[in-house]
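The values are calculated or read from the model by the stated rules, or taken from the named source; none is laboratory data. Remember, predicted model here, so these are calculated numbers, not experimental data. We place every Cβ from the backbone using ideal geometry, glycine too, and count neighbours over all the protein chains shown.
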Amino acid sequence: MRITFLLMLLTLSVSDSAIAEDSRDEAGKNPASPEPVTAEQHLQRPAVEAGAVKDGRRPNDLINESSPYLLQHAYNRVNWHAWGEAAFEKARKENKPIFLSIGYSTCHWCHVMAAESFDNKKIADFLNSYFVCIKVDREQRPDIDAVYLAATRIISGYGGWPMNVFLDNQLRPFHAATYYPPFSSVTKTGFYEVITQIQLLWKEQPELIDQLASKVTEIIAQHIDDTSQAVKLSEDVYTRALAQIEEIYDDETGGFSAAPKFPRPGIFAFLNQQIINQSINKQAARKMLNKTLDAMAAGGIYDQLAGGFHRYSVDEYWQLPHFEKMLYTQALMVLAYSDYYQLDARDDYRALVFATLEFVMQEMRSPDGGFYSALDADSEISGKPGEHAEGAYYLWQSAELKKILTDDEFAFTKNYFSIQDNGNIFTDPSEEFANLNVLHVDDARPTTPLTTQQNNLLISSREKLIAYRRQRPKPHLDDKIITAWNGMMISAFCRASVAFDNKDFLRLAEQGLVFIRKNLYDNTAQTLFRQYRNQHRVNNPAQSAEATLADYAWLIYSLLEVYQAGANKRWLQWALELQKKQQELFFDKSSQAYFESSASDANILFRSKTIYDGALPAANAITLSNLRSFALLSESVVEKNRYNAQAEALIGSFAETINHNPSAAAMLLAIESRAAKTMSTLKK
């Protein structure tokens, strides 16, 4: 359901705010905007701090937070508060609406809006006078993000970041959108107009605000819980899931949507399992999975020089990525390619997995074994101090390549990577990539293997370009360490150790577990933290934010993977302890499913229980995998039956939702299909 009544009253159009982290429309700017601040200036955090101090500005309340994203905004002109009772009480006491801004540190459009609006004196003064402004890092607090992302989708019809949500004093949303330009133009509504209209509405029609907030909150409640009265999965649920996947499959370029295209780990796992199970549809599953994995491996979404995957592709051909690199993307892609390698042992897939893991070890692993969260899409342009651009670290001019490489290397590289003198990026509505090339394997290149000479040219060219690129200013590293994402990465190292018989990968996986046990686990309370960041500010602990269901589920998943690969019983014992705590913190007896957050923060409007996959597989699906694994590993028949009964009850609670749209729950279906195959094999 799409709510437009508030927007009609404000004479605003939500479609004006369609630029967000996941879209690439041009950001409209008003040349008359006072005191413009560029995104480039904003990204120079030390310079921003120095300028702020020189201007007499002091840091806001975010200065003592541990989140890199919140620290990026500590010197904004907006007087930000962290999420908490102090800010809520201020809003109630002063009778002001809350402006809630949600994003993350490597988000390109978050940087842009911060520069254009939150460092603009006119806009900041108005916000500081008439609103209580709160900043939230969605990666640190996914529970908060889930509620208000649902609200944003209900109100505006889509979601993304930066997410701008306006709340009443009960924390109920009544207006929400993604990116706004700072000031209105002929074609776009500006953020300043939005906040002035909302302030007027708050003052003159509070009863309408209450009506809107009540209605939006009521609808959120209907969207944030996928459980229902227990039923069984339909007999044809796997067939219908595959049929739905075939409907959305891009037969020309691979993938399972129009642009922008995201990797779909749940679908990858489902198709892989269909092949393993020797289902009647295994050939269709193999065709779709093989073509998609090949297209991604050849595209710009994969870093053709140093390995590793960018988060998604802007175009349908997988050629132009959104350049941020997320830890979870690396983990889930290593899992996908390692799994498929065990069905088709291709050297190029092996090389891709090894290169991606090498990238993670070099760029995203802390010295003591944890894994960092992300690398930014933006970075400083080489030779242009203070000027930043998306993809600056990864893109090339043809003339630049010609200077670096020998004639033979350049001739080969130009053909192999489809290098054009005027650039090879054609999906560029903002004209930010003029004359630049992204490295992707030429579509027209023959599928025959490279000759020895060609392979040597490729190796030498890559070595030179990697060395040259390392001299460029690097993208910002978000160095917080998130438990769930580390669980994914540990699982990826472990899976690769099995697929490629590589004990070093298993050793790295175990070192990751040791890090989490030491830094993100309270041995006394037997509870997890969600985030660790060593570079924390004074008076703020390195650990912050309570762990979510995803943190417990993925860590347990990784412990079970490592245990089964190395048979060290301490990992199984810890997994059992964590499962017991997960049951205590997240289990909903009424539905037999799991809430995605604990009940500790009474200010969260709703605790979600979902089963459809998003960018990440549903946490309840990973929990199902863990329950099935515990049942398989249990020596006691009683315990085996107990875990299987829990698994069956969890499936039953979501079955009606899954039966309605099975492909959206592809990860759960992949897991349950694998469990059925395993049990069938054991009975023989």
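Couple of notes before you dig in:
Residue-by-condition table, conditions (1) assigned by TED's automatic domain parsing to the domain that holds residue 291; (2) within 30 Å of residue 555 (Cβ to Cβ); (3) buried (at least 21 other Cβ atoms within 10 Å of the Cβ):
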{"site": "391", "(1), (2), (3)": "yes, no, yes"}
{"site": "461", "(1), (2), (3)": "yes, no, yes"}
{"site": "471", "(1), (2), (3)": "yes, no, no"}
{"site": "483", "(1), (2), (3)": "no, yes, yes"}
{"site": "488", "(1), (2), (3)": "no, yes, yes"}
{"site": "494", "(1), (2), (3)": "no, yes, yes"}
{"site": "497", "(1), (2), (3)": "no, yes, yes"}
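- Scanning the stretch 180-225 for residues that are in a loop (DSSP other than H, G, I, E, B), crowded, with 18+ Cβ neighbours inside 10 Å and not β-branched (Val, Ile, Thr) yields 180, 181, 182, 183, 184, 188, 190.
- Check on residue 369, under 30 Å from residue 505 (Cα atoms), outside the structural domain of residue 115 (by TED's automatic domain parsing) and either touching a residue at least 60 places away in the same chain (Cβ under 8 Å) or not charged (D, E, K, R) (or both): yes
- No other residue among 193, 218 is without any contact (Cβ under 8 Å) to a residue 12 or more places away in the chain, out of contact with any strand residue (DSSP E or B) (no Cβ under 7 Å at 6 or more places or on another chain) and either small (Gly, Ala, Ser) or under 21 Å from residue 97 (Cβ atoms) (or both) apart from 218.
- Subset of the stretch 462-510 [in contact with a helix residue (DSSP H, G or I) (Cβ under 9 Å, 6 or more places away or on another chain), in contact (Cβ under 8 Å) with a residue 12 or more places away in the chain and part of a loop (DSSP other than H, G, I, E, B)]: 474, 476, 479, 480, 500
- Residue pairs meeting the criteria (Cβ under 7 Å; at least 6 apart or on separate chains; first of a type in the set (Lys, Arg), in the stretch 397-408; second assigned to a helix (DSSP H, G or I)): 402/410
- Residue check, residue 408 assigned by TED's automatic domain parsing to the domain that holds residue 473, charged (D, E, K, R) and either in contact with a Lys or Arg (Cβ under 6 Å, 6 or more places away or on another chain) or in a helix (DSSP H, G or I) (or both): yes
- Only one of the numbered conditions (1) modelled with pLDDT of 95 or more; (2) closer than 25 Å to residue 352 by Cα; (3) not small (Gly, Ala, Ser) is not met by residue 406, and that is (2).
- Filter pass, residue 114 being part of a helix (DSSP H, G or I), closer than 20 Å to residue 69 by Cα and free of Cβ contacts under 8 Å to residues at least 60 places away in the same chain: no
- A single member of 279, 338 is buried (at least 21 other Cβ atoms within 10 Å of the Cβ), in contact (Cβ under 8 Å) with a residue 24 or more places away in the chain and either among the small types (Gly, Ala, Ser) or touching a Lys or Arg at 6+ places or on another chain (Cβ under 7 Å) (or both), and it is 338.
- Residues of the stretch 226-251 satisfying the condition of being among the acidic types (Asp, Glu) and either over 29 Å from residue 492 (Cα atoms) or outside any loop (DSSP other than H, G, I, E, B) (or both): 235, 236, 246, 247
- Verdict on residue 416 being under 24 Å from residue 69 (Cβ atoms), assigned by TED's automatic domain parsing to the domain that holds residue 305 and of a type in the set (Ser, Thr, Tyr): no
- Test: residue in the stretch 597-606 that is crowded, with 22+ Cβ neighbours inside 10 Å and either touching a helix residue (DSSP H, G or I) at 6+ places or on another chain (Cβ under 9 Å) or touching a residue at least 12 places away in the same chain (Cβ under 8 Å) (or both): yes
- Looking only at the stretch 562-582, and only at residues there that are over 28 Å from the mean Cα position of the chain (by Cα) and either outside any helix (DSSP H, G or I) or among the aromatic types (Phe, Trp, Tyr) (or both), the one that is modelled with the highest pLDDT: 568
Here is a yes/no grid of residues against (1) among the β-branched types (Val, Ile, Thr); (2) surrounded by fewer than 23 Cβ atoms within 10 Å (Cβ to Cβ):
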| position | (1), (2) |
| --- | --- |
| 81 | no, yes |
| 86 | no, yes |
| 100 | no, no |
| 111 | no, no |
| 128 | no, yes |
| 132 | yes, no |
| 151 | no, no |
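- Condition met for residue 120 (crowded, with 22+ Cβ neighbours inside 10 Å, of a type outside the set (Ser, Thr, Tyr) and at pLDDT 95 or above): yes
- When residue 533 is tested against the conditions (1) at pLDDT 95 or above; (2) touching a helix residue (DSSP H, G or I) at 6+ places or on another chain (Cβ under 8 Å); (3) closer than 30 Å to residue 103 by Cβ, the lone failure is (1).
- A Cβ distance below 8 Å, combined with a sequence gap of six or more or placement on separate chains, defines the contacts here; from the stretch 287-304, residues that are assigned by TED's automatic domain parsing to the domain that holds residue 343 reach residues that are among the small types (Gly, Ala, Ser) and in a helix (DSSP H, G or I) in the pairs 293/336.
- Residues satisfying the stated conditions in the stretch 442-455, i.e. assigned to a helix (DSSP H, G or I) and within 19 Å of residue 419 (Cα to Cα): 454, 455
- Considering only residues in the stretch 583-592 that are in a loop (DSSP other than H, G, I, E, B) and in contact (Cβ under 8 Å) with a residue 60 or more places away in the chain, the one that is surrounded by the fewest Cβ atoms within 10 Å (Cβ to Cβ) turns out to be 592.
- Scanning the stretch 593-608 for any residue that is in a helix (DSSP H, G or I) and not assigned by TED's automatic domain parsing to the domain that holds residue 219 turns up nothing.
- With respect to (1) surrounded by 15 or more Cβ atoms within 10 Å (Cβ to Cβ); (2) farther than 26 Å from residue 348 by Cα; (3) touching a residue at least 60 places away in the same chain (Cβ under 8 Å), the lone exception for residue 430 is condition (1).
- Which listed residue is free of Cβ contacts under 8 Å to residues at least 12 places away in the same chain and not in a helix (DSSP H, G or I), from 345, 351: 345
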